[in-house]
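The values are calculated or read from the model by the stated rules, or taken from the named source; none is laboratory data. Just so it is clear, the structure is predicted and the values come from calculations on it, not from any experiment. Don't worry about glycine lacking a Cβ; one is built from the backbone with ideal geometry, like all the others, and counts go over all protein chains shown. The accessibility values were calculated without ligands, DNA or RNA, using every heavy atom of the protein model including side chains. Shrake-Rupley method; radii C 1.70, N 1.55, O 1.52, S 1.80 Å.
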Amino acid sequence: MFYRETGQFKTSYAADQQIFPIRQDRIGIMLLLVVAFVVVPLVASNYWFNAILIPFLIFSLAALGLNILTGYAGQLSLGSAAFMAVGAYAAYNFQVRVEGMPILASFVLAGLTAAGVGILFGLPSLRIKGFYLAVATLAAQFFIVWCLTKFPYLSNNSSSGVISVPGIEVFGMKFDAPQERYLLVLAIVALLALAAKNMVRSTTGRAWMAVRDMDVAAEVIGIRLMCTKLLAFAVSSFYCGVAGALYAFCYLGSVEPDGFSLDLSFKILFMIIVGGVGSVLGSFLGAAFILLLPIFLDIFLPWLSGVLQLPFDGATVSHIQLMVFGALIMFFLIVEPHGLARLWQIGKEKLRLWPFPH
Amino acid sequence: MARQIGGVILDLKNISLRFGGVKALTDISFDVREHEIRAIIGPNGAGKSSMLNVINGVYRPQEGEIIFRGEHRRDMDTHAAAEAGIARTFQNIALFKGMTVLDNLMAGRNLKMKANFLQHAFWWGPAKREELAHRRKVEEVIDFLDIEHIRKTPVGRLPYGLQKRVELGRALAAEPQILLLDEPMAGMNVEEKQDMCRFILDVNDQLGTTIVLIEHDMGVVMDISDRVVVLDYGKKIGDGVPDEVKSNPEVIAAYLGTQH
Amino acid sequence: MQFFFEVLIGGLLSGIMYSLVALGFVLIYKASGVFNFAQGAMVYFAALSLVGCLEKGAPLWLAFILAFVIMTLLGIATEKFVLRKMVNQSPIALFMATIGLAFFIEGLAPMLWGNQVWPLDIGLVDEPIGWILDRYNIVVSSFDLTAAGLAMALVAGLALFFQYTRVGRALRAVADDHQAALSIGIPLQHIWALVWAVAGFVALVAGMLWGSRNGVQYALTFTALKALPVLILGGFTSVPGAIVGGLIIGASEKLAEIYIPPVLTDIFGGNFGGIENWFPYVLALLFLLVRPEGLFGERHIDRV
Ligand SMILES: Nc1ncnc2c1ncn2[C@@H]1O[C@H](COP(=O)(O)OP(=O)(O)OP(=O)(O)O)[C@@H](O)[C@H]1O
Ligand SMILES: [Mg+2]
């Protein structure tokens with residue numbers, strides 16, 4: 001009844017090309033932003049900021065980065081965590097080595113560094129496709145983490161590559177308290193999400209998707225495969241790099257190279273599979289799901305073991321978690337390959353017809 | 001017909017193409033004149049598609065020369081071909097399945113759009129202006145092909161006949177000088193075929209687009225084309241206006257020999 | 001020089017083990033076009049099942065058969081509940097599903113059999129082979145040599161199986177052309193289940209050999225990561241490619257691990273061990289840049 005596009009006639013292509021052509025969607029997103037920027041900082045507790053909201057935003061950003069590469073440009077990567085690592089370490093180095101470097105500039109430079117490394121490891125994509133490329137991205141995963149561990153220069157000579165980041169200051173204001181860090185992360189993520197949405201709905205995004213869907217045809221209509229793929233690698237790595245920098249500076253405070261393991265890369269991959277491959281919204285939904293699932297299981301499994309009178313120890317819980325993750329991935333790929341984002345869309349379409357189901 | 005057939009725009013000389021031991025094309029020469037409809041026919045596996053692929057650089061022939069608008073080349077480059085205004089459709093539909101009809105057509109115009117990714121990211125003046133201007137052009141193609149109702153549908157969900165039409169649309173969106181069509185009517189019913197024929201004739205007539213067409217339906221070929229090349233086992237066995245080709249004994253033998 | 005040969009031979013022998021795991025990938029890929037990331041998890045699962053049955057008191061031969069039965073059941077279940085439901089999806093989607101499968105198996109295996117590190121004794125001793133040591137003064141582990149011999153016997157056995165049995169021929173037909181195989185009445189689904197069983201068998205042998213060397217533990221899943229560069233090098237569809245690729249990767253990574261770090265230490269100072277974790281990947285990548293079709297693949301031009 002309330003969610004309708006009838007009566008909202010588009011009188012110009014400009015109106016039709018807005019990000020949210022339906023008025024209710026525009027209102028919805030406004031409300032969401034108000035809640036995120038105003039209400040949440042007022043009501044959320046430190047636990048929520050530190051354990052849920054900040055990691056959620058950062059992983060959404062990383063998932064968005066992977067989604068640009070894998071979901072939009074069709075180049076499967078198993079090395080996202082390594083690009084996060086590049087971002088984290090680059091930001092750290094810019095901060096400690098360059099006197100008076102503004103933190104935001106460090107984040108941007110971190111993203112750019114990651115983009116450069118991304119282009120380097122994207123070069124094989126010009127000659128190899130599909131699985132071969134996926135395996136090749138593992139080279140980035142292992143090589144980068146190894147470098148960060150072994151070259152003391154990269155971690156400012158700290159032992160085994162562990163870095164502890166300095167405090168954050170933006171324009172002379174300290175961002176130490178959880179809600180301050182949350183707001184900083186939120187602002188960056190919101191801005192980059194908007195930029196991603198804009199890219200994927202314009203020529204850039206169409207070129208990516210064209211290469212993904214049918215590379216020969218893309219070439220024939222004049223899309224340059226090399227530029228398009230490398231741009232996807234660069235932009236994707238930029239997003240992952242910034243996410244990594246935020247991960248170190250605004251979430252953990254201290255990171256080590258092994259923290260950016262293959263498992264983390266898989267986690268990010270799972271986020272886009274569950275959330276929706278090739279969907280900006282899906283990156284957020286997937287990140288939320290994959291982050292909340294273990295928290296939920298941690299609460300649910302002990303309860304279940306109580307009810308069933310079965311003793312679950314910690315190891316069992318972690319094994320069940322693995323199984324649930326694996327099963328979920330297969331489930332989504334089988335039942336809804338477009339993930340939660342698609343379910344959301346179907347839900348909206350149903351709502352449009354409500355209360356008359358046909 | 002009002003259109004005037006012009007001079008030679010594309011000249012293929014002694015093209016030979018091999019895949020390992022398979023000789024797909026052997027020493028083929030023919031030319032295409034501006035504004036004409038040029039058909040390529042021949043039995044299955046004759047090398048027709050390979051010929052189109054050579055013209056726009058998807059395949060690189062081992063021997064021969066391609067003269068395009070007076071420019072001599074060993075082979076074509078897909079990007080150069082697209083920039084020079086050669087657009088095409090494929091025998092097995094090669095649309096971007098996950099994209100909407102509108103996006104497929106917009107992608108067809110990508111070469112005409114100059115804004116870079118940063119301008120896109122921030123929806124900066126030129127990016128937005130360009131998107132609108134080209135949307136207008138694309139809507140003209142959508143009108144022409146009568147596909148307004150499926151504008152926002154992902155092409156993967158469309159029936160075959162409509163997909164073929166959208167693929168033509170993507171090629172037309174580029175406002176090509178030469179249009180290469182690989183079996184645009186294959187697998188269509190009579191009505192769809194008639195529509196497609198009309199589109200092809202209209203494009204040729206109203207926009208003056210030169211068309212190179214592969215088609216198995218002899219009725220259609222003889223009806224709409226100005227000149228016909230006949231290939232068989234990678235060799236050229238006939239070339240001329242439809243009536244000439246129809247009475248060429250080698251062509252008749254090739255077609256009787258390999259019944260479809 | 002002796003040392004060089006020692007490293008080289010050690011590398012080649014462990015390379016054969018990589019080939020063995022890579023072979024599991026190739027079998028499934030050829031028959032069903034699935035790049036099965038779960039192959040490493042299957043190695044782990046197979047080895048744990050074997051140890052589990054041994055623990056319950058079964059003799060080795062029986063435990064081996066039981067573990068094989070378990071792997072076959074796993075293969076059938078995978079075909080029935082996952083692959084069959086994804087027939088129309090892209091290879092990349094299938095690949096991602098097998099990553100999910102890998103996680104599932106990695107959780108399931110220790111749930112069933114416990115997650116401690118099990119020793120596995122299949123009666124092989126690990127000591128330098130006397131006569132080689134005497135004559136050439138090179139240490140060659142008897143364990144490695146026997147394991148390599150077993151692995152090669154397995155490969156030869158599989159080759160015979162494919163060549164001379166009805167089932168084997170059906171498998172090859174499917175690998176060559178799915179449509180054609182269907183049209184002459186080969187039931188694809190049975191074939192897929194079967195090929196997963198065969199891959200399970202290969203995983204079992206690999207798991208048994210690796211496990212008896214290092215203990216049966218979660219780290220067995222990493223064997224897959226060792227086999228992947230072998231695949232890029234040798235190609236996903238080539239059995240000889242898997243074997244030669246394994247040898248190259250095995251030998252070169254051991255040599256790199258010995259000879260590169262000192263060079264780096266000279267330049268940068270510090271300790272540069274652990275090169276073998278990434279060296280095979282970088283090697284395979286560089287190789288691909290020169291020859292994208294892999295060692296044994298043919299150059300292929302996309303048809304449009
Ligand atoms: N990419 C390729 N790799 C290997 N062989 C090819 C390739 N493309 C075409 N061929 C071979 O070249 C020959 C000509 O094929 P082509 O597709 O040009 O024929 P066609 O005339 O278009 O046939 P059809 O009417 O079936 O479309 C065939 O023998 C085909 O197998
Ligand atoms: Mg053809």
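Table for the structure above
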quantity: Of residues in region B:69-92 being more than 9 Å from chain A (Cβ to nearest Cβ) and within 26 Å of B:Asp143 (Cβ to Cβ), the one farthest from ligand 2 (Cβ to nearest atom); calculated: B:Gly85
quantity: Residue within region B:200-210 that is part of a strand (DSSP E or B), within 16 Å of ligand 1 (Cβ to nearest atom), on the phi < 0 side of the Ramachandran plot and modelled with pLDDT of 95 or more present; calculated: no
quantity: Lone unmet requirement of (1) in contact with a strand residue (DSSP E or B) (Cβ under 9 Å, 6 or more places away or on another chain); (2) closer than 26 Å to C:Thr72 by Cα for C:Ile138; calculated: (2)
quantity: For B:Tyr233: the one exception among (1) under 25 Å from A:Ile223 (Cα atoms); (2) within 15 Å of ligand 1 (Cβ to nearest atom); (3) hydroxyl-bearing (Ser, Thr, Tyr); calculated: (1)
quantity: Pair list, Cβ < 7 Å and 6+ apart or interchain, from region B:40-52 residues that are in the same structural domain as B:Ile252 (by TED's automatic domain parsing) to residues that are open to solvent by less than 10 Å² (accessible area, probe 1.4 Å) and near ligand 1 (Cβ under 6 Å from one of its atoms); calculated: B:Lys48/B:Gly42
quantity: In region A:129-159, residue most open to solvent (accessible area, probe 1.4 Å) [restricted to those that are part of a loop (DSSP other than H, G, I, E, B) and polar (S, T, N, Q)]; calculated: A:Asn157
quantity: Residue among C:Ile301, C:Ile232, C:Ile249 that alone is assigned to a helix (DSSP H, G or I) and within 11 Å of chain A (Cβ to nearest Cβ); calculated: C:Ile232
quantity: Residue that is farthest from ligand 2 (Cβ to nearest atom), among those in region B:33-46 that are open to solvent by less than 10 Å² (accessible area, probe 1.4 Å) and within 19 Å of B:Asp232 (Cα to Cα); calculated: B:Arg38
quantity: Single condition B:Glu83 does not satisfy, out of (1) surrounded by 19 or more Cβ atoms within 10 Å (Cβ to Cβ); (2) within 30 Å of B:Asp239 (Cα to Cα); calculated: (1)
quantity: Helices (runs of 4 or more DSSP H) enclosed by region A:13-98 - at least 1 residues per element that are within 14 Å of chain B (Cβ to nearest Cβ) and open to solvent by 30 Å² or more (accessible area, probe 1.4 Å); calculated: A:13-16
quantity: Of residues in region B:1-15 being among the β-branched types (Val, Ile, Thr) and open to solvent by less than 40 Å² (accessible area, probe 1.4 Å), the one farthest from ligand 2 (Cβ to nearest atom); calculated: B:Ile9
quantity: Matching option when the condition is over 16 Å from B:Arg73 (Cα atoms), open to solvent by 10 Å² or more (accessible area, probe 1.4 Å), free of Cβ contacts under 8 Å to residues at least 60 places away in the same chain and more than 13 Å from ligand 2 (Cβ to nearest atom), among B:Arg60, B:Arg18; calculated: B:Arg18
quantity: Tally, over region C:196-218, of residues that are assigned to a helix (DSSP H, G or I) and open to solvent by 30 Å² or more (accessible area, probe 1.4 Å); calculated: 5
quantity: Meets criteria (touching a residue at least 12 places away in the same chain (Cβ under 8 Å) and open to solvent by 10 Å² or more (accessible area, probe 1.4 Å)) for B:Asp75; calculated: yes
quantity: Test: residue in region C:148-159 that is modelled with pLDDT under 85, in contact with a helix residue (DSSP H, G or I) (Cβ under 6 Å, 6 or more places away or on another chain) and open to solvent by 10 Å² or more (accessible area, probe 1.4 Å); calculated: no
quantity: Any hit, region B:232-241, residues being more than 16 Å from ligand 2 (Cβ to nearest atom) and assigned to a helix (DSSP H, G or I); calculated: no
quantity: Given (1) more than 20 Å from A:Gly74 (Cα to Cα); (2) within 16 Å of ligand 2 (Cβ to nearest atom), index of the condition B:Leu118 fails; calculated: (2)
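Residues checked against (1) away from chain C (no Cβ under 11 Å); (2) under 23 Å from the mean Cα position of the chain (by Cα); (3) modelled with pLDDT of 95 or more:
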position	(1), (2), (3)
A:Phe260	yes, yes, yes
A:Gly282	yes, yes, yes
A:Gly286	yes, yes, yes
A:Pro294	yes, yes, no
A:Asp298	yes, no, no
A:Val307	yes, no, no
A:Gln321	no, yes, no
A:Lys350	yes, no, no
A:Trp354	yes, no, no
